[in-house]
Amino acid sequence: MKKPSRLDLIFSLLGACLVLFLLAPLLKMLLGSPAGELHDALTDGEVRSAIALSLTCAFWATLIGTVFGVPLGYLLARRSLPGKHFIEALVDVPVVIPHPVAGIALLLVFGRHYFGGQFFSRFGLTFVGEVPGIVIAMLFVSSSFLINAARDGFRNVDPRLEYVARTLGYGPLGAFFSVAVPLSWRNLLSGAIMMWARAISEFGAILILTYNPKVASVLIYDRFSTYGLKYALPPALALVLLSLSVFALLRGISLQRGQGRAA
Amino acid sequence: MRAAPRLFMVLLCVLFGLGGAKPSSVALSAGTLRTGTAGGEQQQLIVFNAGSLTAPFGDLLKEFARLHPEVTPQQESSGSLDLVRKITEFGKPCDVLAVADYEVMPSPLIPQYADWYGIFARNQMVLIYTASSKFAGEINGNNWYEILLRPDVQSGHSDPDADPAGYRTLLLWQLAEKYYRKPGLYEQLNKTVPAKNIRPKSVELVALLQSGELDYIYGYRSVAEQGGMSFVALPPEIDLSEASKAELYSTVSTQVAGSKPGEKKTITGLPILFALTIPKNAPHQQLAEEFIRFALSPQGQEIMKRRKLTLISPALASDLEKLPKGLRSSFASLGKGRK
Amino acid sequence: MIRLSNVSSRRGAFALQSIHLEIADGEYFVLLGPTGAGKTQLLEVIAGVQGASSGEIWIDEENVTSLPPEARHIGFMYQDYLLFPQLTVRKNIAFGLHEMPRADANARVEEVARLLKIEPLLDRGIVGLSGGEQQRIALARALAPRPRVLLLDEPLSALDPQIRRELRRELRSLHEELRVTTLHVTHDFEEALALADRLGVIHEGRIVQTGMPDEVFRKPDSAFLARFLGVENLLRGNVARCDPPELHSGGAFEAVFEAGPLKLYVIAEQEGPVYAAIRPEEITVSGEFFPSSARNRLEGTVVSVEKVWPLVRLTVNVGVPLVAVITAQSSESLELAAGVKVCLTIKASAIHIF
């Protein structure tokens, strides 16, 4: 058996510290909620609809992010656009903006007196105090994960593979779908998962735009400030466990596909 | 392109100007006021205050630190209930606690976490609006409800379960129904604020008001004045502002979230009074007393008035016997009930 | 047929300048050039994958200059094959057959696989295939849609010498059978000689010479070319007519070439400063002089003996160093080693002046 090198020891030690750091609060949460209360939380109608709303809105945000963000990622990976560096920096900005500021910024565009709000209200779509407001808040803070993952995924695909597809009769769009996407789908999926995760956890921006109906993060905060920690933990835990299972499922799919390859 | 970064800077300033965006935060915008010191030990002074007291107490602490360079103030702002919870549930150290709703003092703080409290300022419910609010030119203390009932006027208040200003709005509506002798007015006014116009705290409401999403919001006069915003003063019979009308206020009540989800508790109308105390386990008792003495001194009162706080002078203590000796001279007894 | 007229293109550090090229129907044309000369870029421009900034490209009498790659009907093969890793061999080969009905496509795939002897591989994945196998699959993929022309970018460069030779033969026989107009670029001149119907040389984005392979090879047009093609003895000097002058046909005359202490009899077409190129194989090495028709006899000392079995490369100092190549057997029988005196014999006609 190979003796562990010094690198193994040092890195394991450092890594273990971080893993413990992440694990301890989660364990505390788990242990702090007796099973009975967790069950109550899961059967509480308000908690369930809040979690359902979170899941639904995050799904829509991720869908919109995919439809618009994957093409953007492709352009960023393949083309040298004018102002490309600016766009790449811009894509990362929402991640560093304090969340309530993001909410206010969105309010100033999609509020009923502003251009975005007025434009969409023509189609019967309003944002403030409505579900679409939740979706755009989520989209704003989380889309950069997807865009960057898409861009990096496409960068890892040799563009010459697409050229070969072109010489074999595929147009640019055909080459995209038959070569670029199949070869980067894992990155795209990973990016979508990250985006979805970030969307579900969003709080500050959503709070400004749409407090009612309440998504899970808002409800948990509400429970905490109104009733105290004891009543905030169970729905928080319910959300964490649910998200964990979705992650595990999706990551499992991406791994399994990799091993089942006829390669 | 250049506008984007600038806009965000403006937004950041707006946000901090609104007195802190994070609902529950540690050391907000007024944050950690540090003063240089030539040498000698630094002493901390930990102050928990309600959101509406952030500005006046921030100024007080700045001046106090200037006079006492060895003191490092640590200011934490949040909702009154959050502050109390930090002390009772988390055991966080606190030297001076100042809330916007004095009723949290007798319960749950006393007797386990504090022995006394002092009332030093009052507030009133007003309607806050901007120049672009509908019918802004017309509205006054008499026709306000009639205007709010007009179609397409958007009003909002904070969440009654989460913020006292929220349930105070409901109480205000009930008092208005009585005062104006308009049965059904409560229900009508209730309908003018649908769930989508409710936000946890006044901070978020102000954002909606200033962006034109709402025309009128119910809030404290101190918040309106601190923010330089226009407001409609309402009759004292309904705006919970006067201690002398406490009996009138107590004729209305409403149900808000109790101690557990699904539970409700009844809140009876009370005048809005700011109260402070030194929790029992304050780590810097002496310093806390010195600060309160300073705050209630003519100089301190001047500072608070500049921040639009309506003071009650002299401040009234719940139990003179239980007051620390050093503060006996700063308070009169609550029993005397001067306004 | 492929015709390029005045094609230029610039991409980053690489530029093609005023390329003129004509390849006849069914011709196997090899473009020879060192790395970085613009070979891949030229192929990509013909394929339409890169744009030309000026000039025209014609394929089979059709002006394809403004057509996108998918409309040009060309077959393309990159040096590293670039098979689609997510597809099986069969699906790779069938990739260009998406317009055909399924049954026809399958039949075509089998046909091409048979041609390239890769039938047993059809249902495998791409991982774990050898270089030679990948190359055949890439070829099959390019040929399956029956392209008008075939563009090959260093198809054999990534292979072991053994496989390389084998595949070279197969490429040749494949071409005999299919007769597809082929443009094959490489830096290996042996490969070029073995495969080309006609040859071109590209250097720094320009085509510097085209012609029949042995023409180009024996009479390189430029110093660069001479060096690149492995002409090891390149001398700079001056040519002056002989006295008395003896004329040869076509205006060439006997002359004397001088480079430092070296003097050689050569056939030249003009006087003045020139390059003289001598292929190492054209220098005869002996222990003593022997009667021969060669006009140049030089005495010199062996400087180094390099064994490149089955040959030996000798560097001999005759005033300037010259490199000669002889068989290992000869080298042994002459007992050649550093310091030994030898005689070099070179025919005047073997010295290429340019």
Kindly list, by first and then second residue, each pair from a residue in the range B:277-299 that is surrounded by 15 or more Cβ atoms within 10 Å (Cβ to Cβ) to a residue that is modelled with pLDDT of 90 or more and among the acidic types (Asp, Glu), limited to pairs with Cβ atoms under 6 Å and residues at least 6 apart or on different chains.
B:ALA282/B:ASP95; B:HIS284/B:ASP95; B:ALA288/B:ASP95
Being more than 14 Å from chain C (Cβ to nearest Cβ), assigned to a helix (DSSP H, G or I) and crowded, with 21+ Cβ neighbours inside 10 Å is true for just one of A:ALA197, A:ALA192, A:ALA165. Which residue is that?
A:ALA192
May I ask you to say which residue of B:ASP163, B:ASP159 is buried (at least 22 other Cβ atoms within 10 Å of the Cβ), touching a Pro at 6+ places or on another chain (Cβ under 7 Å) and more than 23 Å from B:ALA246 (Cβ to Cβ)?
B:ASP159
Criterion first (of a type in the set (Lys, Arg), farther than 30 Å from B:GLY258 by Cα and in a helix (DSSP H, G or I)) does A:ARG223 satisfy it?
no
Out of the range B:138-157, which residues are under 25 Å from the mean Cα position of the chain (by Cα) and either over 17 Å from B:LEU234 (Cβ atoms) or not assigned by TED's automatic domain parsing to the domain that holds B:ALA233 (or both)?
B:GLN154
Yes/no for A:VAL179 being within 14 Å of chain C (Cβ to nearest Cβ) and in contact (Cβ under 8 Å) with a residue 12 or more places away in the chain
yes
Within the range C:310-354, count every residue that is outside any strand (DSSP E or B) and either basic (Lys, Arg) or touching a helix residue (DSSP H, G or I) at 6+ places or on another chain (Cβ under 6 Å) (or both).
3
In the range B:60-157, which strands (runs of 3 or more DSSP E) lie fully inside it and hold 1 or more residues that are touching a residue at least 60 places away in the same chain (Cβ under 8 Å) and among the basic types (Lys, Arg)?
B:118-122
Tell me, which strands (runs of 3 or more DSSP E) wholly within the range C:1-119 include 2 or more residues that are of a type in the set (S, T, N, Q)?
C:2-11, C:14-23
With the requirement that a residue be buried (at least 20 other Cβ atoms within 10 Å of the Cβ) and either more than 24 Å from C:GLU177 (Cα to Cα) or at the interface with chain A (Cβ under 10 Å from one of its Cβ atoms) (or both), what does the range C:95-130 give you?
C:PHE95, C:GLY96, C:LEU97, C:ILE126
Lone qualifier among B:GLU204, B:GLU247 - being within 9 Å of chain A (Cβ to nearest Cβ) and at pLDDT below 95:
B:GLU204
Of (1) surrounded by fewer than 18 Cβ atoms within 10 Å (Cβ to Cβ); (2) more than 19 Å from C:SER293 (Cβ to Cβ); (3) at pLDDT 75 or above, C:GLY250 satisfies every one except (3)
Sole residue being in contact with a helix residue (DSSP H, G or I) (Cβ under 9 Å, 6 or more places away or on another chain) and more than 19 Å from B:ASP159 (Cβ to Cβ), chosen from A:GLY191, A:GLY204
A:GLY191
Inside the range B:130-165, can you point out the residues that are more than 11 Å from chain A (Cβ to nearest Cβ) and among the polar types (S, T, N, Q)?
B:THR130, B:SER133, B:ASN140, B:ASN142, B:ASN143, B:SER155
Can you tell me which residue within the range B:62-98, out of those that are at pLDDT 90 or above and closer than 24 Å to B:PRO164 by Cβ, is nearest to the other protein chains (Cβ to nearest Cβ)?
B:GLU76
Has the range A:73-89 got at least one residue that is farther than 15 Å from A:LEU239 by Cα, buried (at least 16 other Cβ atoms within 10 Å of the Cβ) and β-branched (Val, Ile, Thr)?
no
Checked the range B:220-252 for anything in a strand (DSSP E or B) and surrounded by 17 or more Cβ atoms within 10 Å (Cβ to Cβ); matches are B:TYR220, B:PHE231, B:VAL232
Examine the range B:266-273 for a residue that is within 14 Å of another protein chain (Cβ to nearest Cβ) and farther than 27 Å from B:ARG150 by Cα, and state whether such a residue exists.
yes
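The values are calculated or read from the model by the stated rules, or taken from the named source; none is laboratory data. Here the structure is a predicted model, which is why all the values come from computation and not from measurement. Methodologically, a virtual Cβ is constructed for each residue, glycine included, from the backbone with ideal geometry; neighbour enumeration extends over all protein chains shown.
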